[in-house]
Each structure stands twice: as C-alpha cells, then as structure tokens.
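Asker: My structure is below; once you've seen it, I'll send some questions.
Rule-based calculations on the coordinates, nothing more; no lab input. Remember, it's a predicted structure, so these values are computed and weren't measured experimentally. All Cβ positions, even for glycine, are placed from backbone atoms using ideal geometry, and neighbour counts span all protein chains on display.
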Amino acid sequence: MATIPMKQEKVWERKRRTLRNELWPDAEKVVFHAGQGLGYCKAVPRVVPLVCVLADHLKDRPGDLTSTYVDLWLRTHNDGFVDVEDEYECAASAGFLGGRALWSWRERIRTLERLGLIRIKAEGHRDIAYILVLDPEVTVEKLVKTHPKRKEVPGIWRDYYEKRKRDTAILVGAT
C-alpha cells in the first residue's frame with residue numbers, strides 16, 4: 001500500500017502546535033484531524049466569515065446566508081465546484097429542516113448568486129445542478145466598489161477584512 005508523504009511542518013505551525021499543547025495538554029487527542037485529507041475540504045479562505053457578514057449587509061432579501069455559503073465551501077473538494085445531487089440534503093446541511101426547507105435553501109442560493117459569490121448551472125429539470133464558488137477576495141473587491149448598498153458597509157468591517165487579508169498574507173509567506 002502506497003503511503004502519502006507528510007508535508008514538512010512550517011515554523012509558524014510548530015509554534016502554534018506547541019502553544020496549543022502547552023495550554024491544553026490533551027489537545028492532540030480531542031481535536032479533529034483530517035487524516036490524509038481525503039474527503040475533507042482543507043482550503044477555506046480565512047476571509048469567509050467576514051464575507052458572510054458583508055453578504056448579509058448587501059443582500060436584497062431577508063434570511064441569513066452564512067450557513068448556506070459555508071456549507072458550499074465545505075462541499076468544494078478544494079476546486080470551487082459543487083455537484084448538487086440532492087437539494088434536500090443540501091438544504092438540511094445548511095440548516096433548513098422544515099416544510100419550506102427547499103424553498104429557503106434555493107432562495108439563499110439565488111441571493112448568493114445575485115451578489116456574485118457563486119455561479120449556478122442547470123441540467124435537465126434541475127435548476128440548481130452545479131455551483132461554482134468564486135474567489136471571495138475578487139468578489140468582495142467588486143462588491144465594495146460597485147454594489148448599490150456599498151456605502152452601508154460599516155467601516156469597522158472594512159478594517160477587520162483588510163486585517164484578515166494582511167494576517168493571511170503573512171501566514172502564507174511564513175516558513
């Protein structure tokens with residue numbers, strides 16, 4: 001059986017793990033481990049929570065978009081592509097469990113599409129068969145410059161968004 005080579009641990013990763021283990025000696029036993037990464041999305045941009053906040057400020061219909069957007073990210077297999085095989089399961093996974101679950105999920109998906117965070121393709125009788133989750137940084141750049149409600153975005157959101165991007169750039173560049 002072939003083994004998957006483990007990547008070399010970076011300095012900042014080792015420091016974080018060391019601090020975590022000092023604070024919680026049993027951390028290694030009680031936290032989630034993705035194993036070899038099979039079946040797990042390991043590439044969710046760190047700005048996603050702030051993108052959810054922005055989307056909720058700019059949306060044109062009521063209803064929280066966070067659970068739907070995050071669920072899409074966790075379905076991407078690191079390629080931005082979601083194959084919607086079962087809309088009812090997608091709805092349930094995003095938190096919609098009642099009689100209007102499918103309607104609510106579809107409405108959130110359409111709102112995310114109108115905001116430019118995702119693209120949708122139909123197939124046959126399925127209106128939402130495939131979803132492409134777009135690069136949030138590119139989309140945010142466009143939204144904060146061109147969206148009709150852009151002036152309603154709080155300055156503090158902009159500050160934290162820029163800080164998150166800077167922090168992420170530092171982590172990516174660290175070795």
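Asker: Can you name every residue in the stretch 70-113 that is small (Gly, Ala, Ser) and surrounded by fewer than 15 Cβ atoms within 10 Å (Cβ to Cβ)?
Answerer: Once the filter is applied, which keeps residues that are small (Gly, Ala, Ser) and surrounded by fewer than 15 Cβ atoms within 10 Å (Cβ to Cβ), the stretch 70-113 yields Gly98, Gly99.
Asker: Check Ser67 against each of (1) surrounded by 20 or more Cβ atoms within 10 Å (Cβ to Cβ); (2) of a type outside the set (Asp, Glu); (3) assigned to a helix (DSSP H, G or I) and name the one condition it does not meet.
Answerer: (1)
Asker: Quick one: Glu141 ticks every box in (1) free of Cβ contacts under 8 Å to residues at least 12 places away in the same chain; (2) under 21 Å from Val70 (Cβ atoms); (3) in contact with a Phe, Trp or Tyr (Cβ under 9 Å, 6 or more places away or on another chain) except a single one, so which number is it?
Answerer: (3)
Here's the yes/no breakdown for (1) farther than 24 Å from His77 by Cα; (2) of a type in the set (Asp, Glu); (3) assigned to a helix (DSSP H, G or I):
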{"residue": "Arg119", "(1), (2), (3)": "no, no, no"}
{"residue": "Glu141", "(1), (2), (3)": "yes, yes, yes"}
{"residue": "Lys145", "(1), (2), (3)": "yes, no, yes"}
{"residue": "Lys151", "(1), (2), (3)": "yes, no, yes"}
{"residue": "Tyr161", "(1), (2), (3)": "yes, no, yes"}
{"residue": "Leu171", "(1), (2), (3)": "no, no, yes"}
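Asker: Could you please let me know if Arg46 is exposed (fewer than 12 other Cβ atoms within 10 Å of the Cβ), of a type in the set (D, E, K, R) and not in a helix (DSSP H, G or I)?
Answerer: Criteria not met by Arg46.
Asker: Now, a different point. Could you check the stretch 70-93 and list, in sequence order, the residues that are of a type in the set (Gly, Ala, Ser) and in a helix (DSSP H, G or I)?
Answerer: Ala91, Ala92, Ser93
Asker: Sticking with this structure for a sec: Out of Gly155, Gly124, Gly116, I need the residue that is surrounded by 15 or more Cβ atoms within 10 Å (Cβ to Cβ) and small (Gly, Ala, Ser). Which one?
Answerer: Selected residue: Gly116, the only one of Gly155, Gly124, Gly116 that is surrounded by 15 or more Cβ atoms within 10 Å (Cβ to Cβ) and small (Gly, Ala, Ser).
Asker: I've got another one for you. Answer with yes or no whether Asp159 is under 30 Å from Arg16 (Cβ atoms) and among the charged types (D, E, K, R).
Answerer: Spelling it out, Asp159 is indeed under 30 Å from Arg16 (Cβ atoms) and among the charged types (D, E, K, R).
Asker: Answer yes or no: is there a residue in the stretch 95-108 that is assigned to a helix (DSSP H, G or I), touching a helix residue (DSSP H, G or I) at 6+ places or on another chain (Cβ under 8 Å) and farther than 20 Å from His125 by Cα.
Answerer: Checked against the condition, which is being assigned to a helix (DSSP H, G or I), touching a helix residue (DSSP H, G or I) at 6+ places or on another chain (Cβ under 8 Å) and farther than 20 Å from His125 by Cα, the stretch 95-108 yields no hits at all.
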